[in-house]
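Notes follow once the structure below has been shown.
The values are calculated or read from the model by the stated rules, or taken from the named source; none is laboratory data. Note that the structure is a prediction, hence the values are computed from the model and not measured. Note that we place each Cβ from the backbone using ideal geometry, even for glycine, and neighbour counts take in every protein chain shown. Surface areas here come from the heavy atoms of the whole protein model, side chains and all, with no ligands, DNA or RNA. Shrake-Rupley method; radii C 1.70, N 1.55, O 1.52, S 1.80 Å.
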Amino acid sequence: MSKPETTAVQLRPEWEALSRHHEQVAGDSIRSLFDADPTRNDDLTFESGGLVLDASKNLLTTGTIGLLCDLARATGVPERIEQMFAGERINVTENRSVLHVALRAARGERIIVEGEDVVAPVHAVLDAMGDFADSIRQGDFRGHTGKRIRAIVNIGIGGSDLGPAMAYDALAAYSDRNLTLKFVSNVDGGDIDEALLHLDAEETLFIVCSKTFTTLETLTNARTARDWLLEGLGDPAAVEKHFVAVSTNATEVAAFGIDTANMFGFWDWVGGRYSMDSAVGLSLLIAIGRDGFADLLAGFRAMDQHFRSAPLEQNLPVLMGLIGIWYNNFWGTETHAVLPYSQYLARFPAYLQQLDMESNGKSVGLDGEAVEVQTGPIVWGQPGTNGQHAFFQLIHQGTKLVPCDFIGFLRPVRRVGDHHALLMANMFAQTEALAFGKSLEEVLASGVDAGVAPHRVFPGNRPTNTILAPTLTPFVLGQLIALYEHKVFTQGTVWGINSFDQWGVELGKVLAGRIADDLAAEDDSALDHDPSTNAAIRRFREAKSVSAE
Ligand SMILES: O=P(O)(O)OC[C@H]1O[C@](O)(CO)[C@@H](O)[C@@H]1O
């Protein structure tokens, strides 16, 4: 691996300029910023394809945005965007291109990587997925005993689970309600046990989804699913009609016993957490149909084009990335909350946790040296209004500064009474309360007892982004996901890290393999872990021998 020449970001004059700027503005409040410039939201509201970002309830000015964009230019964000779209091997530790943007390129577009167009094969797989989905939705594809497929179980984990699972919930209103979809990920047997509880083997299709097809959880669950199917149908030939695979690894798919004719492929230039718009989205495509999936891809594509072409000062993913850096690196915040005001997006924060934290949870730079600035934040969140009744207390009155993204929709997916207006009233109220708070004088003036008054003060000055979209459609979901994908890339570029590997997950996997052997071994004389781990293994072995008696 060649080590690029880089300047540590904290040594750049643009970083220094931001540090000085922070000292100058640290005493400002969001309230004082609005007092000084009552129309600042006009200058701090940005739009792309109907998606609106109002960044005015942040601890920043247009001057801050200018300085942050200078930093982005100095660290090569525009060049890195071009390198990604051109298929350069920017994932240097794995020597791979990073081309999830090719997954949503329009039919007929060409992206040439090492002499080969990658867009035509993408559309060949999409076409095969669409045909397969049609045959299931129309009842042409049948199970081993001739019954229609009515339940689909996606078996995968991480990027092979979170994306389709999140999007299936998000787009439930667009899904074929005659089909039941389940997502099984955890190696905890309870996951698959519960998922299979009310399913009929004759009507169930398993999609075994794994980029590598070597992942312990997925293969363990897939074997359990196969046993369950064979127990139900009694004929090994049934596997062919009830199992398909999504993978880059045909050899392992065949070794598992799935005919590679029933495999939907993708490529090593698609990272797991960037893969939901590849064949990894097969379960989703079956649920929402090929047109729905095409709309989703069009939404991704619209945001890709915006990211590639909009000036940095107007570029939504770049701005969200830079605002995150402003808090993470200059205000010292540790976490970032994502708060969708949509029950359909309940799993969006969990999806973003992998996208963001697996991408930017790094402490070594592209040059192999330790990074000396803070990198990726801890990402967390829950849908509104539920979060309000759980952890918003801390965001309003706690000692920690938590920058938040509030995501809402102008119209509901389906109107149910006046729920939507109440939902959105809450979202707007929260961002107002967080920004402007309620002073001691205001609390006292409202007649509150002086002894209790301090407890009822809202300090305000808590920063939020407001993201508004017309309504939650497949297109809008695609825009939102791509918005966050490119935000993460922007941040990784400024910090000088590789957002596309995940070596940090490996050690635990290796140790788990060794410990699984230890748990199954005849005796514990060979245990060679630390004393605490050895003791835990012994406790487990003892409990096992007691329950076996
Ligand atoms: O799709 P696979 O190869 O089963 O991997 C699943 C997940 O495991 C990880 O490698 C982390 O362990 C993720 O990056 C990936 O999305």
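Annotations
- Residue within region 233-241 that is buried (at least 19 other Cβ atoms within 10 Å of the Cβ), out of contact with any Leu (no Cβ under 6 Å at 6 or more places or on another chain) and without any contact (Cβ under 8 Å) to a residue 40 or more places away in the chain present: yes
- In region 256-272, residue farthest from the ligand (Cβ to nearest atom) [restricted to those that are outside any helix (DSSP H, G or I) and β-branched (Val, Ile, Thr)]: 258
- Among the conditions (1) within 21 Å of residue 408 (Cα to Cα); (2) surrounded by fewer than 22 Cβ atoms within 10 Å (Cβ to Cβ), residue 502 misses just one, which is (1).
- In this entry, residue 185 is excluded by the filter for residues that are assigned by the TED database to the domain that holds residue 266, within 13 Å of the ligand (Cβ to nearest atom) and open to solvent by less than 10 Å² (accessible area, probe 1.4 Å).
- Single residue of region 243-254 satisfying the filter (free of Cβ contacts under 8 Å to residues at least 40 places away in the same chain and open to solvent by 10 Å² or more (accessible area, probe 1.4 Å)) that is farthest from the ligand (Cβ to nearest atom): 254
- Criterion: more than 18 Å from the chain's Cα centre (by Cα) and open to solvent by less than 70 Å² (accessible area, probe 1.4 Å) - qualifying residue of 354, 388, 374: 388
- Filter pass, residue 108 being outside any helix (DSSP H, G or I) and open to solvent by 50 Å² or more (accessible area, probe 1.4 Å): yes
- If the condition is being farther than 24 Å from residue 503 by Cα and either within 16 Å of the ligand (Cβ to nearest atom) or without any contact (Cβ under 8 Å) to a residue 12 or more places away in the chain (or both), then region 333-373 contributes only 347.
- Residue 80 vs. criteria over 21 Å from residue 307 (Cβ atoms) and part of a helix (DSSP H, G or I): no
- Complete set of residues in region 20-43 that are surrounded by 14 or more Cβ atoms within 10 Å (Cβ to Cβ) and assigned to a helix (DSSP H, G or I): 21, 22, 25, 30, 31, 33, 34, 40, 41
- Residues that are assigned to a helix (DSSP H, G or I) and either open to solvent by 10 Å² or more (accessible area, probe 1.4 Å) or within 16 Å of the ligand (Cβ to nearest atom) (or both) within region 273-287 comprise 273, 274, 279, 280, 281, 282, 283, 284, listed in sequence order.
- Selection count, region 425-435, where residues are within 18 Å of residue 397 (Cβ to Cβ), surrounded by fewer than 18 Cβ atoms within 10 Å (Cβ to Cβ) and of a type in the set (A, V, I, L, M): 2
- Of all residues in region 361-377, those satisfying the criterion of being part of a loop (DSSP other than H, G, I, E, B) and of a type in the set (Val, Ile, Thr) are 371, 373, 375.
- Among the candidates 304, 291, residue that is more than 16 Å from the ligand (Cβ to nearest atom), touching a residue at least 60 places away in the same chain (Cβ under 8 Å), assigned to a helix (DSSP H, G or I) and on the phi < 0 side of the Ramachandran plot: 304
- Matching option when the condition is surrounded by 22 or more Cβ atoms within 10 Å (Cβ to Cβ), more than 16 Å from the ligand (Cβ to nearest atom), assigned by the TED database to the domain that holds residue 385 and of a type in the set (A, V, I, L, M), among 480, 422: 480
- For beta carbons closer than 6 Å, sequence separation of 6+ or different chains, a first residue in region 498-510 that is near the ligand (Cβ under 9 Å from one of its atoms) and a second that is part of a helix (DSSP H, G or I), the qualifying pairs are 502/358.
- Here residue 207 fulfils each of the conditions (1) within 15 Å of the ligand (Cβ to nearest atom); (2) in a helix (DSSP H, G or I); (3) closer than 15 Å to residue 243 by Cβ apart from (2).
- The lone exception for residue 465 - which of (1) more than 30 Å from residue 395 (Cα to Cα); (2) not in a helix (DSSP H, G or I) it fails: (1)
- Residue tally, condition under 16 Å from residue 322 (Cβ atoms) and open to solvent by 10 Å² or more (accessible area, probe 1.4 Å), over region 80-94: 1
- Counting the residues of region 189-232 that are in contact (Cβ under 8 Å) with a residue 24 or more places away in the chain and either aliphatic (A, V, I, L, M) or more than 19 Å from residue 151 (Cα to Cα) (or both) gives 22.
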